[in-house]
Amino acid sequence: MSDDLPGRFRELWDEIAPVGRDAGSGGYLRYALTEPEHQLRAWFRAQADRRGLPVTEDGNGNLFAHWGDPEGTDAVLTGSHFDSVPHGGAYDGPLGVVSAFLAVDELRAAGVTPVRPLVVAAFVEEEGARFGVPCLGSRLLTGVLAADRAAGLRDAAGVSFADALGGRPAGARPELLGRFGAFVELHVEQGRALVDADAPIGVASAIWPHGRWRFDVVGEGNHAGTTRMADRRDPMLTYAFGVLAANKEARVRGAHATVGRVAVEPNATNAIPSRVTGWLDARAADPETLTGLVDAVRAKLAERSRRDGTEVLVTEESVTPLVAFDDDLAARLATLLDAPVLPTGAGHDAGVLAAYLPTAMLFVRNPTGVSHSPAESASDDDCAAGVRALARVLEELTCR
């Protein structure tokens, strides 16, 4: 395998680096099925064509580039996603797609001919930043999410997923899913475990259970200057109490709770809000802790709303259970790569697919430990190490 891999990684990486980048924040606005992501999808097709890999689409927005028979069975699937959170980092998602194409190059340069088909994937709407449901593409492919529900999901501008996709999604594709014998997703680490271990590459053991809950708090809109404090039914107070409660309950349970999105009506400086809507992202090491966290926040919101004279509706938008990756596969890859094994609190398409086929994840060291932010990073040398590791894994799985 070639020695100029860091340079070739940088050359390919620089082709996509400007796409969707915000000049002000330095972060990325690559929302699913918007112009930046369409550019990256076109880039995916061009890269596949350059390598003679035919591309298919599953009717849900997921792209697949095939080395071997597209109708073949027991295929090894790899890849990730292009979309980002608002002002997110460069590596979350695209690193797995770029690395997959470079791993194909490495295998071909070494004269490797897979005996099982190898498929590079780009999944749609993994972050859920546009239509509100994370891992939307893999949930549709597997049937975890019904096509009718997905079709009706709308973004902030009111555009439905079906309209953005160009038609109703196909939904579950068991005949396609059944052609895959394994999935390996490479991803930048979203933490500092590999920094602490002084290791460029790691293997995932599990994904914490996690989910999203929407809190709709309704009160009474009124004038900020003429409404006495005693007469107010202010939903912002209830909402703020809920944020603080989520923080406290997560800390005492060793869990994670984040409220990073809020909508206020009428959103005026001199008006008491009539409605506040916030979204809770909650994660924990086990399902019982996660359930206990959300139930405690729900109970504290209900208690506070009675004191504030407001009403609270809590809606579960998505929940992903604990995902333990295939133990045998993880151990096999950790031995093959001499790499540490670590859990993660971040969700991925691999977490959805793990319920349907043997699945593993590789992590590339992130020196900042920061993700979903412009500060997310990885060195070219570590990214090249990730490509080499992925190539070794794919050779192991497609040729043995």
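The values are calculated or read from the model by the stated rules, or taken from the named source; none is laboratory data. In this text, all values refer to a predicted model and were calculated from it rather than measured experimentally. Cβ sites come from the backbone with ideal geometry, for glycine too, and all protein chains shown count toward neighbours. With ligands, DNA and RNA removed, areas are computed over all heavy atoms of the protein, side chains included. Shrake-Rupley method; radii C 1.70, N 1.55, O 1.52, S 1.80 Å.
Return yes or no: is ARG10 basic (Lys, Arg) and surrounded by 16 or more Cβ atoms within 10 Å (Cβ to Cβ)?
Details: basic (Lys, Arg): yes; surrounded by 16 or more Cβ atoms within 10 Å (Cβ to Cβ): no.
When the stated conditions are applied, ARG10 does not pass them.
Every condition in (1) within 27 Å of ASN366 (Cα to Cα); (2) touching a residue at least 60 places away in the same chain (Cβ under 8 Å); (3) surrounded by 24 or more Cβ atoms within 10 Å (Cβ to Cβ) is met by VAL97 except one, and the failing one is (2).
Return the residues of segment 250-271 that are part of a helix (DSSP H, G or I) and open to solvent by 20 Å² or more (accessible area, probe 1.4 Å); say none if nothing qualifies.
The initial filter retains those residues of segment 250-271 that are part of a helix (DSSP H, G or I), namely 250-253.
Within segment 250-271, ARG251, VAL252, ARG253 qualify.
Against the definition (among the small types (Gly, Ala, Ser), modelled with pLDDT under 95, in contact with a strand residue (DSSP E or B) (Cβ under 7 Å, 6 or more places away or on another chain) and crowded, with 18+ Cβ neighbours inside 10 Å), how does GLY351 come out, yes or no? Full working, then the answer.
Details: among the small types (Gly, Ala, Ser): yes; modelled with pLDDT under 95: yes; in contact with a strand residue (DSSP E or B) (Cβ under 7 Å, 6 or more places away or on another chain): yes; crowded, with 18+ Cβ neighbours inside 10 Å: yes.
Yes.
When LEU333, LEU390, LEU313 are checked against the criterion of being farther than 29 Å from PRO94 by Cβ, in contact (Cβ under 8 Å) with a residue 12 or more places away in the chain and not hydroxyl-bearing (Ser, Thr, Tyr), a single residue qualifies: LEU313. For segment 145-167, what are the residues that are assigned to a loop (DSSP other than H, G, I, E, B), under 18 Å from ASP83 (Cβ atoms) and either of a type outside the set (D, E, K, R) or at pLDDT below 95 (or both)? Passing the criteria: LEU145, LEU153, ALA156, ALA157, VAL159, GLY166.
Sort through SER305, SER318, SER274 and tell me the only one that's open to solvent by less than 50 Å² (accessible area, probe 1.4 Å) and modelled with pLDDT under 95.
Values: SER305 fails: modelled with pLDDT under 95; SER274 fails: modelled with pLDDT under 95.
Result of the check over SER305, SER318, SER274: SER318.
Of everything in segment 354-366 that is touching a helix residue (DSSP H, G or I) at 6+ places or on another chain (Cβ under 6 Å) and open to solvent by 10 Å² or more (accessible area, probe 1.4 Å), the residue that is farthest from PHE180 (Cα to Cα) is ARG365. Residue count for segment 321-343 under the criterion of being part of a strand (DSSP E or B) and open to solvent by 20 Å² or more (accessible area, probe 1.4 Å): the result is 3. Here is the figure for segment 225-256: residues that are β-branched (Val, Ile, Thr), farther than 20 Å from ASP281 by Cβ and free of Cβ contacts under 8 Å to residues at least 40 places away in the same chain total 1.
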